[in-house]
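The values are calculated or read from the model by the stated rules, or taken from the named source; none is laboratory data. Note that this is a predicted model, so its numbers are computed, not measured. As a convention, Cβ positions derive from the backbone with ideal geometry for all residues, glycine included, and neighbour counts pool all protein chains shown. Note: accessible area is taken over every heavy atom of the protein model, side chains too, but ligands, DNA and RNA are not part of it. Shrake-Rupley method; radii C 1.70, N 1.55, O 1.52, S 1.80 Å.
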Amino acid sequence: ETEAIEPALLNDSQRLWYIIRAHAMELLGLNLLFIALSLPLITLPAALCGMTSILMKWVRDETVFFWSDFWREFKADFFSRFLAWLLLTLIPISLSLYAEWFFVRGGGIVLAVILGAVSLVIQSYLFPILVMVALPTKTAVRNAVFMSFVEWRYSLRILLFSGLAYAVCFIFTLYTIPAVLLGLVVLCQLTVCVWVNDPISRRLILPREPLE
């Protein structure tokens with residue numbers, strides 16, 4: 001007789017594989033839904049919030065109502081979340097171009113890598129915070145920045161995993177398109193959600209004292 005699995009008792013790796021096995025087809029559908037709704041870039045942050053809300057509920061072993069949960073987060077604070085994502089994306093690009101044009105040639109590339117890495121880590125915390133904790137977007141950004149540095153072990157893990165995955169996709173775009181369509185995006189975000197669940201729970205949900 002097979003012993004029943006209690007998701008709450010699983011470690012991060014076990015929880016990740018448990019979710020993949022239990023929700024394989026839903027993950028594929030969620031991946032395609034995210035890609036379709038992200039094609040107009042203005043809806044990318046909203047689609048990421050919708051996807052992250054589903055993933056975080058699976059990570060936390062909560063009941064998921066797929067469509068209603070997705071669309072609720074998709075529509076929530078649409079423009080403020082888009083603005084936060086836009087600033088976190090454009091600031092590294094703008095500063096890198098400025099450094100390349102007006103300072104050391106080639107320095108812009110180095111700065112782009114550094115600032116892009118920081119932005120990636122901050123956003124890895126930001127979107128789970130937005131869907132897990134009822135905070136204004138500005139406050140969520142502050143907490144994401146704070147946790148990016150304080151929880152440096154998790155941040156380093158996220159940077160090595162997500163940074164490498166997205167770098168490979170960027171360099172070998174044509175070859176990685178099938179992987180992206182078949183679930184690479186949702187699997188990367190699921191992995192991040194599994195990792196950030198613990199620090200967000202410890203710092204923002206249990207004490208309920210986020211940075212204002």
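Per residue, how large is the accessible surface of the stretch 152-200? Use a 1.4 angstrom probe and give square angstrom.
In whole numbers, the stretch 152-200 has 55 Å² accessible per residue.
Using a 1.4 Å probe and ignoring any ligands, DNA or RNA, find the accessible area of Ile42 and quote it in Å² to the nearest 10.
Taking all protein chains as shown, Ile42 has close to 80 Å².
Full-extension gain between Leu87 and Trp71, please, as 0.36 nm times their residue separation minus the C-alpha to C-alpha distance.
3.4 nm is the gain from fully extending Leu87 to Trp71.
By how many degrees, 0 to 90 and rounded to 10, does the Cα axis of helix 66-75 deviate from the longest principal axis of the chain?
Compared with the principal axis, the helix lies near 30 degrees.
Please state the relative contact order of the chain as a whole percent: Cα pairs under 8 Å, 6+ residues apart?
26 percent
Which one, Ser148, Thr191, Leu160, projects farthest toward the positive side of the charge dipole computed for the stretch 102-205 from Cβ point charges (K/R +1, D/E -1)?
Most positive-ward Cα: Ser148.
Which stretch or stretches of the stretch 42-84 have amide N atoms under 12 Å from the point lying 7 Å from Tyr18's Cα along the Cα→Cβ direction?
58-62
Could you check how much of the accessible area of the stretch 43-156 is carbon and sulfur, as a whole percent, using a 1.4 Å probe?
Heavy-atom surface of the stretch 43-156 belonging to carbon and sulfur, 1.4 Å probe: 73 percent.
Quick check: the angle from helix 24-38's long axis to the longest principal axis of the chain, C-alpha only, nearest 10 degrees?
The two axes meet at around 30 degrees.
Note the angle between two axes, namely the Cα long axis of helix 44-59 and the longest principal axis of the Cα atoms of the chain, as a number of degrees from 0 to 90, rounded to the nearest 10.
Computed tilt is about 40 degrees.
Per residue, what accessible area does the stretch 1-92 have, given a 1.4 Å probe and all protein chains present, in Å²?
I get 57 Å² per residue for this part.
Dipole magnitude of the stretch 26-121 about its Cα centre, charges +1 at Lys/Arg Cβ and -1 at Asp/Glu Cβ only, in debye to the nearest 20?
Dipole of the stretch 26-121, to the nearest 20 debye: 200 debye.
Could you check which residue among Ala46, Ala117, Ala140 shows the biggest mean-square fluctuation in a GNM of the chain with a 10 Å Cα cutoff?
Fluctuation is largest for Ala117.
List the chymotrypsin sites (Phe, Trp or Tyr not before Pro) within the stretch 39-77 that fall in a DSSP loop (any state other than H, G, I, E or B) and whose Cβ has at most 14 other Cβ atoms within 10 Å.
Counting only loop positions with at most 14 other Cβ atoms within 10 Å, the chymotrypsin sites (Phe, Trp or Tyr not before Pro) in the stretch 39-77 are Phe65.
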